[in-house]
Structures are given as structure tokens and as C-alpha cells.
Amino acid sequence: MKNGLRLYITIAASAVALQGLAQTTKVFKGQGPIRGVSTVSRPVQRQWKGVFSQKGDDVFFGNDFQGARLNGLVKLNDTLYTALITSENTPVNSSPWYAFKVWAETPKEITLKLTYQQGSRHRYPPKMSKDGKIWTAVEPAAVKKVFEEDSLPGEYQFKLKVGKDTTWVAAQELFTSKQANAWLDELTKKPKSSAEVIGYSRLSKPLTLVKMGNPKSKKRILIIGRQHPPEVTGQYAMKAFVETINSGTALSNKFLKDYLVYVVPLMNPDGVDNGNWRHNDGGIDLNRDWDAFNQPESSAVRDFLKKEIADDGNKLIFSIDFHSTQDDIYYRVDPQMKGNMPNLISDWLTKTQEQIPGYVPNVKALYSGGGTFTAFSYFFKQYGTEALVYEIGDNTPRDFIKHKGEVSAEILMNLLLNK
Ligand SMILES: [Zn+2]
């Protein structure tokens, strides 16, 4: 979720003040109220795949793999190249999600300019990899916790050493349906776990749901992720969260004896694999379709829950939907509105703050009745589910994402077992 980028408040950071530095830090104010939009399918532009090369030149660029985009490549002078990055359709939020491979016959240093379609601004500091698996930031100093969209450049330029060995350049680490499915296979091999295809994407990719825990339990929770393709940091958070729930510890075993957990880690496989900035292959933001249900991906989860939860007293007690945005934030249902387990979310956030020294959860209520549009509000309205949107910053350190995901899962299991 990422709108209302211009809304910020500035507060003095007590931690920084203690160090005697006269600095302030910005707290991300998050997005404004969710409004309904049409979710009837619209055309999308898919990217041409292949090798981009200029006549007589020995530097090559390739995009023949899943995830993120390269839409055009022009050589401007001996060492300057510009890569054009465009979205699946418009309007779309400004998340130019790029990735490509580059190599050259003779080693040299080139300058790469990332040029985005009109009206779009640079969001992701580039990462580099030699194998498409291990990534390093091109410019560590470019890591910003909270950015102001107005101050971001409309294009972005950096230097790169190229040679015979392929270098991968990407907006975020590649985590495509291939990686997601490999991870699902691992998860499904664990005790008390099984996978089920609950539907298909518009391009006929399976939408896989993993069940973990006690199938006879009437107490259920739901974990979903990756409605929005570039939101890789949210996927990392979800991975740590889910792995902790199914970690084989005493707490995990106790929890999975008492609860049944549903996980849909990849809600938008077409968007992820085709490098869409935001939408599915129907050209629609899936997280606005949880009222009209015009898209197969959101409809599949709705239908699955209707079948599983509506009958025989099963309860969807808790749901969590993982995303990425500028900085870590939680979106919740207005606390005045009570669900299946009142105070669960508040208690969880309080304990998260207690257990991660120096971390102050940023929380915003984002649903207080009316049309649902988003997944979390639909789960609340339909089932009284205690529902949370778990957003991770684009640039949040990866080790912190993992740590917070693990701690969050432990706290949740303890609370759910003891309420
Ligand atoms: Zn999102």
C-alpha cells in the first residue's frame, strides 16, 4: 500500500537526542483512507524479453527471466547507457521495478541511467548480484528510511563495472514464483503441513495455499502475501513469520496442535513474474478487489474461506497481510470495532515493542466500516477476524526484517494460546 506519500510528521527522535545529536527523524504517516475504484479488468503491457544490444557495441543487456522489468535500452555515448522502465498500465503508483542482466566482451566501467515513464520517480536503490541470489547495494549510502517522493529524482544514474561474467542489477532482490514455490515445497514437507491449489491466476498459474497445524481445530488463522509484485521485503517478513510458526519448537508444536494456519504466500504470481509495478494481469490492484471480486486471485481466497469457515463453527480468528512501503508500519481496523478476540492486536503490538529494544511500532487505523476493498478489511467485516496489514520498509535492513518477523510470530502464538 502506498499512497499519500506527501503526508509526514516530524518528531524529535529520543534515541538520537540521547546521543547528543541535534537531529530529527521523520515518522512515516502511512497512506490515507482507502477509496473504492473499479476493479474490472483493463489491458496490460507485458515486456518484450530478450537481449538488448546496440549495433557494433560489445555491451549486452538481458531480461529473459521472471520478475521486474527492462523495457528499452539506448546507448547515449561511449560509456553512458539508459535503461527505460515502464509499468504494466496506468494509473499506477510510482514503483519502477526494474531488473536486468548486463555483460560485455571486454571489461569496462559504464554509467547506467535508469529512466522511468513520465510521472514516475526513482524508488528503489539498485542492488547488484553475480548469481541472481546474493545481492549487495550499489550505493549503501543511498539507503533511506523514509523518503519524500517530491525529492526523489525522475531518473537515477550510477556507475557499474561490467565484463564477461554476468552482473545482475535489480530494484529489489529477485523473489519470483520460482523461489516462492521452492519455499512452499520446503514448507509442505514439514510435519502437519500440506499444500492445496485453491484457484488459478489469470495466466493459469496455481494459487497455492499451505495448511499447517490441526485440521480438526475450529480456530483458524490466515496469512497472505505479495498482492503487490515489487514488495519483496514484505515477502521476507512473511517468510520469517511463517517459518517461526512451523519451526518445530515447543511453542510451535503446541500452537499447531491447537490451531489450523492457512498461508497464501503468493497472491499475484502473474504480476510478480511479469515485473508488474502494482497490478495483476487483469491490470488491477488486487488489494482493491475485496469488495467487487472481479479478479480470480482475490475470488479464490474468498471462495476458499467461504467453504472452510462458514460452516460447522470454524472461526477465522486472525489474519495478516504482508506488504512493503516506505517504512515499517501496521495498518489495523479501528480499535473501537471489536472482532473475534478483542485486544489481540493491541496486546501484540505492545509486546512487540517490549521485546525489540528501541523499536516503536508505527500503527495506523485504516478501516472503520463501509466498503471493504482491501483484504484485511474484508476478513474483518466478513468473519470478525482480528486483521492486520504488516508493512515493511523498502530499505529496512534485511536482518531486522527477519528478527522482527520471528519475534512477531512468537508473540502471536503465545497470545493466541493464552486468550
Ligand atoms: Zn502492498
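What is the percent carbon and sulfur in the accessible area of region 169-299, measuring with a 1.4 Å probe over the protein chains and ignoring ligands?
Here carbon and sulfur together make up 52 percent of the probe-accessible area.
Counting DSSP beta bridges with both partners in region 308-407, what percentage is antiparallel, nearest 5?
Beta bridges within region 308-407, antiparallel portion: roughly 25 percent.
Only Lys, Arg, Asp and Glu count, each charged at its Cβ (+1, +1, -1, -1), so figure out the dipole size of the chain about its Cα centre, rounded to 20 debye.
Charge dipole, the chain, about its Cα centre: 460 debye, nearest 20.
Order LYS178, LYS315, LYS364, most accessible first, counting only protein heavy atoms with a 1.4 angstrom probe.
Per-residue accessible area, sorted high to low, gives LYS178, LYS315, LYS364.
With N residues in region 187-244, what two-decimal value do you get for its Cα radius of gyration over 2.2 N^0.38 Å?
With N residues counted in region 187-244, Rg over 2.2 N^0.38 Å equals 1.25.
Can you work out the FRET efficiency for the pair LYS159 and LYS190, with r the C-beta to C-beta distance and R0 = 41 Å, to the nearest 0.05?
After rounding to 0.05, the efficiency reads 0.35.
Please report the relative contact order for region 39-115, taking Cα pairs under 8 Å with a sequence separation of at least 6, and give it as a percent rounded to a whole number.
32
On the Cα set of region 68-154, report Rg and Dmax in Å, please.
13.9, 41
In whole Å and largest first, what semi-axes does the C-alpha gyration tensor of region 270-340 yield when each eigenvalue is scaled by 5 and square-rooted?
Those come to 25, 20, 10 Å.
Considering the Cα positions of region 288-419, please state its Rg to one decimal place and its Dmax as a whole number of Å.
Looking at region 288-419, its Cα Rg and Dmax stand at 15.2, 44 Å.
Would you mind checking LYS178/LYS351; LYS55/LYS113; LYS219/LYS351; LYS381/LYS419 for any pair whose Cα atoms are more than 27 angstrom apart?
Cα-Cα > 27 Å for LYS178/LYS351; rest within.
Suppose all protein chains stay in the model; what accessible area per residue would a 1.4 Å probe give for region 108-173, in Å²?
52
Rank these by accessible area, largest first, 1.4 Å probe: LEU160, LEU203.
I get LEU203, LEU160, largest accessible area first.
What aspartates and glutamates could a cross-link reach from LYS164, if we take a straight Cα to Cα line under 20 Å and drop same-chain neighbours fewer than 8 places away?
Counting by Cα, and skipping residues close in sequence, LYS164 has these aspartates and glutamates nearby: ASP57, ASP58, ASP64, ASP78, GLU105, GLU109, ASP131.
In nanometres, what is the gap between the two model label sites at THR167 and LYS419, each 7 Å from Cα along Cα-to-Cβ?
Computed distance between label sites THR167 and LYS419 equals 5.0 nm.
Rounded to the nearest 5, what % of DSSP beta bridges with both residues in the chain are antiparallel?
60
So, taking all protein chains as they sit and a 1.4 Å probe, how much accessible area belongs to HIS403, in Å² rounded to tens?
Counting only protein heavy atoms, the figure is 80 Å².
Report the accessible area of PHE60, computed with a 1.4 Å probe over the heavy atoms of all protein chains in place, in Å² rounded to the nearest 10.
The accessible area comes out at roughly 40 Å².
From the phi of every residue in region 292-298, what ³J(HN,Hα) in whole Hz does the Karplus formula 6.51 cos²θ - 1.76 cosθ + 1.60 yield, where θ is phi - 60° and glycine or proline is x?
Listing the rounded values in order: 8, 6, 8, 10, x, 5, 5 Hz.
Pairs LYS211/LYS257; LYS189/LYS306; LYS211/LYS239: which exceed 22 Å Cα-Cα?
Check vs 22 Å cut-off fails for LYS189/LYS306.
Taking every Cα atom in the chain, find the radius of gyration and the maximum pairwise distance Dmax, and write them in Å.
Rg then Dmax for the chain, in Å: 21.7, 70.
Which percent of Cα pairs goes in each bin when the distances of region 326-386 are cut into 10 angstrom slices starting at zero?
21, 49, 26, 4
For region 111-190, treating each Cα as an identical point scatterer without solvent, what Debye log10 I(q)/I(0) comes out at q = 0.19, 0.22 1/Å?
With no solvent term, the Cα-only Debye profile gives -0.93, -1.09.
At a threshold of 8 angstrom on Cα-Cα distance, excluding pairs fewer than six apart, so keeping six or more, what relative contact order does the chain reach in percent?
It rounds to 17 percent for the chain.
Defining a contact as two alpha carbons under 8 Å apart and six or more residues distant in sequence, what relative contact order in percent does region 339-418 show?
Relative CO of region 339-418 lands at 43 percent.
To the nearest 20 debye, what charge dipole does region 195-268 have about its Cα centre, counting +1 at the Cβ of each Lys and Arg and -1 at the Cβ of each Asp and Glu?
The calculated dipole for region 195-268 is roughly 280 debye.
Keeping all protein chains in position, work out how much accessible area ASP78 exposes to a 1.4 Å probe, and write it in Å² to the nearest 10.
The accessible area of ASP78 comes to roughly 130 Å².
Percent of Cα-Cα pairs more than 28 Å apart in region 186-328, please.
Tail of the P(r) past 28 Å holds 18 percent of the pairs.
Once R0 is set to 51 Å, what does the formula 1/(1 + (r/R0)^6) return for the Cβ-Cβ distance between ILE134 and LYS315, expressed as a FRET efficiency to the nearest 0.05?
The formula returns an efficiency of 0.75 here.
When the accessible area of region 346-419 is computed with all protein chains present and a 1.4 Å probe, what percentage of it is carbon and sulfur?
Reported share for carbon and sulfur atoms: 49 percent.
The values are calculated or read from the model by the stated rules, or taken from the named source; none is laboratory data. What you see is a predicted model, and the numbers here were worked out from it, not measured in a lab. Please note: Cβ atoms are built from the backbone with ideal geometry, for glycine as well, and neighbour counts cover all protein chains shown. Side chains are part of the model used for accessible areas, which takes the heavy atoms of the whole protein and leaves out ligands, DNA and RNA. Shrake-Rupley method; radii C 1.70, N 1.55, O 1.52, S 1.80 Å.
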